[in-house]
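Below you'll find the structure, written out as structure tokens, and then a few comments.
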Amino acid sequence: MDTLSVTSNGRQYRWPRQPVVVVCLDGSEPEYPGSDGGGYLDQAIGNGCMPYLEQVRRTGMFRTAESIIPSFTNPNNISIVTGAPPSAHGISGNFFYDAERDQEVMMNDPALLRTSTIFHAFQEKGASIAIVTAKDKLRRLLGHQLEFGQDGAVCFSAESCRNTTLEENGIDNAFELVGLPAPDVYSGALSEYVFAAGFKLLQKAHPDILYLSTSDYIQHKHRPGTPAADAFCAMIDSYLERIHDLGAVIALTADHGMKAKHDFQGRPNIVYLAPLLRSRLGQHEARIVLPITDPYVVHHGALGGFATIYLDDPGISEKLLDILSATPGIELALNRQEACRRFELPPDRLGDIVVIASNHWVLGHSEDYHDLAALKEPLRSHGGLSEQRVPFIVSRPVSGLSLERLRNYDIFDAVLNHT
């Protein structure tokens, strides 16, 4: 296949005549000034568990970038694969309130997307595309507008690897591709399956562009530098090296970081918004939406660093903003207009108020709203500004890329246009 160029969402990309593998390493926070104890990759490299990435740090590009706010999975993965912020693509969280239907819904329906993906642009020009994601909640969004079937794209999740079809996923029974047991959704094996499947696809199907998106289950459960964290990173490193040996250029970033959200006794630090607002609302009503919410709440209890509030009378928002801003555990409280301007969010998918938690805090609805019985380890979560810094790694030297403000959604630009 000759070199080709495509335009997607106003950005131009070229395919550099070799397989390109982009990895979104869910929940991986790098080490940077102000971080609490170092990041996942940095700690593992320092402990000798990631020799391949240690080499890349010397010979390739090894920097950090900013993720999208809210620092959740869906908006960031979609920003990465569109090269655009949520104000363009429309995915503002894992979960949102659809005011037109008066219904709170998951943001996993491709009908909610307002742009095409980089994958779609390349497939239209003849490039072959393969996508493996950990959870099925992302699979349909990532595969938006792609053609499947014989000689089409491949797109499936590790979670549903036993149920793939040629018509819907571009592959029949993807489970047979890998030779590993079907992974539990609450396990590190889910991410290992993503890497194993990606390696097999690259080896057998030779896609031009391969996108891998993992799970953050281990990062929620185990802090950097622990035996479980280092073993997880060693697994990743071994697959990255094997993918490299197949001749691929590798780029790695993340959707968000991860921070401890508990006190010294291991009790979660939670600002419950409903009781805080109740005493101030009077006769007014408010709807609190927690966009971290998804079908997989065992490891975070639907507690994250970002919330949005819908008011029956937006005129009272300024009074509530003052109260919220003065509350310990809250870093920012903004009106819709300011939040959309600052974080490039779609105004029609946001409440009247946006609340962002402080570094080691999370936001909740009320005590009886959250089931925390499954939180066996001290809470680690994400969603706010303190989890916005993510890795930005390319396996080869990068030249000509503007470094003034790197975003995680610049990763395709870096690997396709600047290596």
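Residues that are of a type outside the set (Asp, Glu), assigned to a helix (DSSP H, G or I) and over 18 Å from the mean Cα position of the chain (by Cα) were ranked within the range 205-231; the one that is farthest from GLY48 (Cα to Cα) is ALA228.
Of all the residues in the range 115-158, those that are surrounded by fewer than 24 Cβ atoms within 10 Å (Cβ to Cβ), in a loop (DSSP other than H, G, I, E, B) and free of Cβ contacts under 8 Å to residues at least 40 places away in the same chain number 9. Would you call GLU377 more than 17 Å from GLY266 (Cβ to Cβ) and among the acidic types (Asp, Glu)? It is false that GLU377 is more than 17 Å from GLY266 (Cβ to Cβ) and among the acidic types (Asp, Glu). Of the residues making up the range 5-16, those that are surrounded by 16 or more Cβ atoms within 10 Å (Cβ to Cβ) and assigned to a strand (DSSP E or B) number 5.
Scanning the range 395-419 for residues that are under 18 Å from the mean Cα position of the chain (by Cα) and of a type in the set (A, V, I, L, M, F, W, C) turns up LEU406, ILE411, PHE412. Number of residues in the range 99-114 that are in contact (Cβ under 8 Å) with a residue 24 or more places away in the chain and either outside the structural domain of VAL21 (by TED's automatic domain parsing) or outside any helix (DSSP H, G or I) (or both) equals 8. The number of residues in the range 159-183 that are assigned to a loop (DSSP other than H, G, I, E, B), surrounded by fewer than 20 Cβ atoms within 10 Å (Cβ to Cβ) and of a type in the set (Asp, Glu) comes to 1.
Check CYS155, CYS161 and return the single one that is closer than 29 Å to TYR13 by Cα and touching a helix residue (DSSP H, G or I) at 6+ places or on another chain (Cβ under 9 Å).
CYS155
If you take the residues in the range 274-288 that are surrounded by 15 or more Cβ atoms within 10 Å (Cβ to Cβ), of a type outside the set (Gly, Ala, Ser) and more than 17 Å from ILE330 (Cα to Cα), which one is modelled with the highest pLDDT? My answer is ARG287. Of all residue pairs spaced 6 or more apart or on separate chains, those with beta-carbon atoms under 9 Å, a first member in the range 395-418 that is surrounded by 24 or more Cβ atoms within 10 Å (Cβ to Cβ) and a second member that is in a helix (DSSP H, G or I) and of a type in the set (Gly, Ala, Ser) are ASN408/SER79; TYR409/SER79.
Every listed requirement among (1) part of a helix (DSSP H, G or I); (2) within 20 Å of ARG380 (Cα to Cα) is met by TYR186 save one, (1).
From PRO30, PRO19, grab the single residue that is surrounded by 13 or more Cβ atoms within 10 Å (Cβ to Cβ) and at pLDDT below 85. Working first, answer last.
Working: PRO19 fails: at pLDDT below 85.
Residue meeting the stated conditions: PRO30.
Only one residue in SER187, SER215 is within 30 Å of GLY266 (Cα to Cα) and surrounded by fewer than 16 Cβ atoms within 10 Å (Cβ to Cβ). Which one? Outline the logic, then answer.
Values: SER215 fails: surrounded by fewer than 16 Cβ atoms within 10 Å (Cβ to Cβ).
Just a single option satisfies the conditions, and that option is SER187.
Evaluated against (1) under 14 Å from ARG389 (Cβ atoms); (2) outside any loop (DSSP other than H, G, I, E, B); (3) in contact with a Phe, Trp or Tyr (Cβ under 6 Å, 6 or more places away or on another chain), ASN76 falls short on exactly one condition, (3). Of the residues making up the range 307-318, not a single one is touching a Leu at 6+ places or on another chain (Cβ under 8 Å) and charged (D, E, K, R).
Quick grid of which residues meet (1) touching a helix residue (DSSP H, G or I) at 6+ places or on another chain (Cβ under 6 Å); (2) surrounded by 24 or more Cβ atoms within 10 Å (Cβ to Cβ); (3) without any contact (Cβ under 8 Å) to a residue 40 or more places away in the chain; (4) within 25 Å of GLY126 (Cβ to Cβ):
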residue: ASP237; (1), (2), (3), (4): yes, no, no, no
residue: GLY257; (1), (2), (3), (4): yes, yes, no, no
residue: LYS261; (1), (2), (3), (4): no, yes, no, no
residue: GLN265; (1), (2), (3), (4): no, no, yes, no
residue: PRO268; (1), (2), (3), (4): no, no, no, no
residue: VAL271; (1), (2), (3), (4): no, no, no, no
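Restricting attention to the range 82-95, does a residue exist that is surrounded by fewer than 16 Cβ atoms within 10 Å (Cβ to Cβ), hydrophobic (A, V, I, L, M, F, W, C), assigned to a loop (DSSP other than H, G, I, E, B) and more than 13 Å from the chain's Cα centre (by Cα)? No; the residues of the range 82-95 include none that is surrounded by fewer than 16 Cβ atoms within 10 Å (Cβ to Cβ), hydrophobic (A, V, I, L, M, F, W, C), assigned to a loop (DSSP other than H, G, I, E, B) and more than 13 Å from the chain's Cα centre (by Cα).
The values are calculated or read from the model by the stated rules, or taken from the named source; none is laboratory data. Keep in mind that this is a model prediction, so the values were computed, not measured. Every residue, glycine as well, gets a Cβ built from its backbone with ideal geometry; the counts of neighbours run over all protein chains shown.
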